[in-house]
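Engineer: Dropping a structure here in structure tokens format, bear with me for questions.
The values are calculated or read from the model by the stated rules, or taken from the named source; none is laboratory data. Being a predicted model, the structure only gives us computed values, none of them experimental. As a convention, Cβ positions derive from the backbone with ideal geometry for all residues, glycine included, and neighbour counts pool all protein chains shown. Side chains included, ligands, DNA and RNA excluded: accessible areas come from the protein's heavy atoms. Shrake-Rupley method; radii C 1.70, N 1.55, O 1.52, S 1.80 Å.
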Amino acid sequence: AQVTVSGDISTNTTLTKNNIYLLTGGFVYVTGNSTLTIEPGTLIKGNATALVITRGSKIIADGTQAEPIVFTSFQPAGSRAPADWGGLILCGKAPINDPAGSRLAEGGIDPVKGLYGGTDPNDNSGIVRYVRIEYAGIAIVVGNETNGLTMGGVGLGTTIDYVQVSHGGDDAFEWF
């Protein structure tokens, strides 16, 4: 079954591999210190959206070598193109190199939900392991874009392993 996901995910939520998930309606935010868990082998399709893990919330996208988690375009195979969707954005609470202590992620994100940076070097935004991100990254204007995987103020407690980003409309990986 295809399940549409939009707006805020404000409670602990699990995406299961027996469904295909369509992210739509602009940014999808995981908020309220909640955790989004994605089972190995799950397929998530983005349609003019980005998935944002806000400060204090987590993503547990812990795929396996045999069953990676795939984020891709909503377009059918053969019609997919770079910048079909906005990618995955992790907003952490670790210190950043800015006197303000926090910054706003790029790409037209919400001015509160899109903040990253803080005072906890061990902050944990979750796990992104054995994940493939395709056709993501939108350059809104030069110097203001989403990427395949964006990490802002992500702390030492976060695990990023075995991530492939391909066919992007901007950077594959960008750290702030």
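Engineer: Have a look at the DSSP beta bridges in the stretch 44-176 and tell me what percent are antiparallel, nearest 5.
Structural biologist: Rounded to the nearest five, the antiparallel share is 10 percent.
Engineer: Please turn the phi angles of the stretch 5-16 into ³J(HN,Hα) values with the Karplus equation 6.51 cos²θ - 1.76 cosθ + 1.60 (θ = phi - 60°), one per residue in order, whole Hz, x for glycine and proline.
Structural biologist: Going residue by residue, I get 10, 8, x, 9, 9, 10, 10, 4, 9, 10, 9, 9 Hz, with x marking Gly and Pro.
Engineer: Counting only other residues whose beta carbon sits under 9 Å from that of SER73, what net charge do I get with K and R as +1, D and E as -1?
Structural biologist: 0
Engineer: Going by the alpha-carbon gyration tensor, a ≥ b ≥ c the square roots of its eigenvalues, is the stretch 72-176 rounded (a/c under 1.5) or, if a/c is not under 1.5, prolate (a/b greater than b/c) versus oblate? Each step should come with its number before you reach the end.
Structural biologist: On the way: a/c = 2.74, a/b = 1.53, b/c = 1.79.
Here the stretch 72-176 falls in the oblate category.
Engineer: Restricting to lysines 8 or more places apart or on different chains, can you count the pairs in the stretch 1-113 with Cα atoms under 16 Å from each other?
Structural biologist: Close lysine pairs found across the stretch 1-113: 4.
Engineer: Quick one: which residues, 5+ away or cross-chain, put their amide H under 5 Å from the amide H of THR72? H built at 1.01 Å from N.
Structural biologist: Amide H neighbours of THR72, under 5 Å, 5+ apart: ILE44, LYS45, GLY46, GLU134.
Engineer: Carbon and sulfur together cover what percent of the accessible area of the stretch 49-99 at a 1.4 Å probe radius?
Structural biologist: Its accessible area is 49 percent carbon and sulfur atoms.
Engineer: May I pose another question? Sequence-distant or interchain residues sharing an amide H contact under 5 Å with GLY118, placed H: which?
Structural biologist: Distant-sequence amide H within range of GLY118: ALA94, ILE96.
Engineer: According to a simple spin-label model (label point 7 Å from Cα along Cα-to-Cβ), what is the distance in nm between VAL3 and TYR162?
Structural biologist: Result for the modelled spin labels: 2.3 nm.
Engineer: What ranking, highest mean first, results for peptides 159-167, 79-87, 10-18 when packing means the other Cβ atoms within 10 Å averaged over each residue?
Structural biologist: Listed from highest to lowest mean packing, they are 79-87, 159-167, 10-18.
Engineer: Moving on to the next point. Taking the solvent-accessible surface of protein heavy atoms with a 1.4 Å probe, what is the per residue accessible area of the chain in Å²?
Structural biologist: 44
Engineer: Can I ask one more? Quick check for me: using +1 on Lys/Arg Cβ and -1 on Asp/Glu Cβ, what's the dipole size of the stretch 90-151 about its Cα centre, in debye to the nearest 20?
Structural biologist: It comes to approximately 160 debye.
Engineer: Would you tally the net charge around THR37, using a Cβ to Cβ cut-off of less than 13 Å, leaving THR37 out, and scoring K and R as +1, D and E as -1?
Structural biologist: +1
Engineer: Between beta-carbons, use under 13 Å as the cut-off and find the net charge around LEU22, counting Lys and Arg +1, Asp and Glu -1.
Structural biologist: The answer is 0.
Engineer: What distance in nm separates the two pseudo spin-label positions at TRP175 and ASN47, each 7 Å out from Cα along the beta-carbon direction?
Structural biologist: 3.6
Engineer: Work out the length of the dipole vector of the chain about its Cα centre, built from +1 on the beta-carbon of each Lys and Arg and -1 on the beta-carbon of each Asp and Glu, and round it to the nearest 20 debye.
Structural biologist: Around 280 debye, computed over the chain.
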